[in-house]
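Take a look at the structure set out below.
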Amino acid sequence: FVLEGPGNRFAPAQWFALVLLSALSVLLLPRQFQMMVVECVDERHVARAAWVFPLYLLAINLFVLPLALGGLVLFGPGGADPETFVLSLPLAHGAPALALLAYLGGLSAATGMLIVETVAISTMVCNDLVMPALLRFAPGRIHAGGDLTRLLLAIRRAAILAILLLGYLYFRVAGDAYALVSIGLISFAAVAQFAPALLLGIFWRGGTAAGAIGGLAGGFLVWIYMLMLPSVAKSGWIPDGFVRDGPFGLALLKPEAFLGLTGFDALTHALFWSFVVNVGLYLGLSLARAPGVREASQALLFVDVFARAPDDRTPAPVFWRGRVRTGDLHSLALRILGPARADAVFAEHARETGAVPDRTADARLVDRVERAIAGAVGSASARVLVASVAEEEALDLDDVIEILTEASQLRVYARALEEKSLSLERATAELTAANAQLKTLDQMKDDFMSSVTHELRTPLTSIRALSELMRDTPDMEEEQRGEFLRIIVSESERLGRLVNQVLDMAKIESGHAEWHLGDVDLAALIRDAATATGELIRARGATLHLDLPAAAPLLTADRDRLTQVITNLLSNAAKFVPSTGGRVDVRLFADDNDLVVEIADNGPGVAPEDRETIFEKFRQGGGTNGPPPGTGLGLPISREIVEHFGGRLELADAPAGTGACFRFRLPVRPGGQEEP
């Protein structure tokens, strides 16, 4: 690894350390983390950034190599500060305008980076340091009513000022001893200490809070000892004896040659030892104690995030138990986020769930509000603020289905949880279907009872009214009294028919009806039914026409039940024929292995809006003189009888204004159920 020229040796360890620091900085620098994690609201943006950001880095670095080569060729090694090549090169060639343009571009880029970085760090300071401290030591101001946005702005503005002053102070302390790029690398090494806890926490379920905190503390202490303090010492602000000779003269503890490790530059040396201590403490402390319930549940959410199918949009489960009023939650969001943002959070929840939040918020609404507040005050503060308005129950092993604590047991639990989730989804679907069916049956029962009550009340009302009238009028004329008695007898017969049909319908639907099977000649049965109803049809001034074959195949069915079907259909036709020129046609023919019966009339027909409900109980179409007399059970009973014998009863299509045509078909071969 030797480049051309004396003294230009390539150091593989340093190159690897710089590449590693650069990669970790992309993830962990405050401005990067703020943009990629905190302000990333759509997962699709990650896929786009995966190629746009590397392309951006490649584009801006295409100019670095020619500038570096040009500066070295023109000025020679050590002839000019490499960090000023972008300005010194155009000035050396008499192009001050180009140098001014480069200066303005560099100034704007540096200013933008400074603004984003400072705002990001101030947000983190406010959310993760100041707000948790205020919630712990001065909760009265936070929990009291009032808008907290002013307090948050004041904290962040003070943090911005403090960060700028600290940055300037460090530049004054170490700026003379280190180049700007070296100061940046020292800060990169500090930020890199978050990497073990972040990356291991994503891929390993066994991590604990103690391990993460211990690793971070150990890594930062090593960074302070091996990079921060030496940079201050080399600037002359503190004695540098511990850098040259080690603390208390112990050479093995020298910051840049710890335990005798030499051959590395100071940055690579500090990065190596800080990662050793950081990762070692993280693993050691995590393995020393099994994860707790909350740690295990959080690990499942992150480690198994890709366990779902790629098209599964189901939100991750929310491990929360408690009660909180929606109004209190909304008031809290108003104080932190302001009216517009708070209303948007609740509106988004209602849009995704398809329901307006109840008075008591569910776990997902609590989680959504907590995450929204976390963007303003940090996750720790948001957790405390939500807990302050909620009656929360602490999680235990039973709440997370006994989350197992060892790594191997956690894997078993994850698989079992997935199987239980699938089983629960299936059971939920079955329960939903059963519940919908029960609701339908319950509604049908209510409709049936309402209709029966109405139908029974009508004749009873007539009977009672006429009876009371006859009782209160002893001198009523005999002719009128006889008419009233005739109506009472007619209504009583109607009441009896209604009760009989309701009982018959109930027996058929419950499967307790009696069926007497035998050979049935359908043509002869139609002739007999036509004879029985002929007088009714003639009384309506109509004519009955039969189109029957001389002989028809025999059916295995209940003759009385089929007679009931034919009689019902003929009676219905008689109700709807016009008062003059009425006509009822009955036709019997064979179709494949079925016998088909059609009964048509030349009445007004069935209205289009009634075609879907004509077979419902107690539904009657309009006759020629208003609603016809009847119970509205004839067609439903007829359909049940026909379907019992394997047939189908339907309303056939007919041209408009040509009346109604009911058709039913029955299989020639035995198709009915066995007699119980």
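The values are calculated or read from the model by the stated rules, or taken from the named source; none is laboratory data. Given the structure is predicted, the values throughout are model-derived calculations rather than measurements. Note that we place each Cβ from the backbone using ideal geometry, even for glycine, and neighbour counts take in every protein chain shown. Just the protein is used for accessible areas: all its heavy atoms, side chains included, with ligands, DNA and RNA removed. Shrake-Rupley method; radii C 1.70, N 1.55, O 1.52, S 1.80 Å.
Points to keep in mind about this one:
- Label-to-label distance, residue 418 versus residue 172, with points set 7 angstrom from Cα along the beta-carbon direction: 5.9 nm.
- Rounded FRET efficiency, nearest 0.05, which uses the C-beta distance separating residue 46 from residue 240 and R0 of 56 Å: 0.75
- Difference of contour (0.36 nm per residue) and Cα-Cα distance, residue 643 to residue 440: 70.9 nm
- Considering all different alpha carbon pairs of segment 234-278, the Kirkwood hydrodynamic radius works out to 11.0 Å.
- Ordered from largest to smallest accessible area (heavy atoms of protein chains, 1.4 Å probe), the residues 60, 488 come out as 60, 488.
- List 131, 124, ordered by accessible area with a 1.4 Å probe, largest first: 124, 131
- Spin-label pair residue 340/residue 528, simplified geometry with 7 Å Cα→Cβ offset, distance in nm: 8.5
- Residues residue 217 and residue 98, FRET efficiency given R0 of 56 Å [Cβ-Cβ distance, rounded to 0.05]: 0.70
- Highest mean packing comes first when the peptides 186-197, 474-485 are listed by Cβ atoms within 10 Å, giving 186-197, 474-485.
- Of all accessible heavy-atom area on segment 513-625, the percent that carbon and sulfur account for (1.4 Å): 47
- Residue 51 accessible area, 1.4 Å probe, all protein chains in place, Å² to nearest 10: 150
- On full extension, the segment bounded by residue 428 and residue 202 gains 78.2 nm, given 0.36 nm per residue less the C-alpha separation.
- Near residue 651, once Lys and Arg are set to +1 and Asp and Glu to -1 for all other residues with Cβ below 9 Å from its Cβ, the sum equals 0.
- With the simple model of a label 7 Å out from the Cα in the direction of the Cβ, residue 352 to residue 609 spans 4.3 nm.
- Here the calculated FRET efficiency for residue 65 and residue 27, from their Cβ-Cβ distance with R0 = 30 Å, stands at 0.75, rounded to the nearest 0.05.
- Extension gain for the segment residue 616 to residue 116, taken as residue separation times 0.36 nm less the Cα-Cα distance, is 172.9 nm to one decimal.
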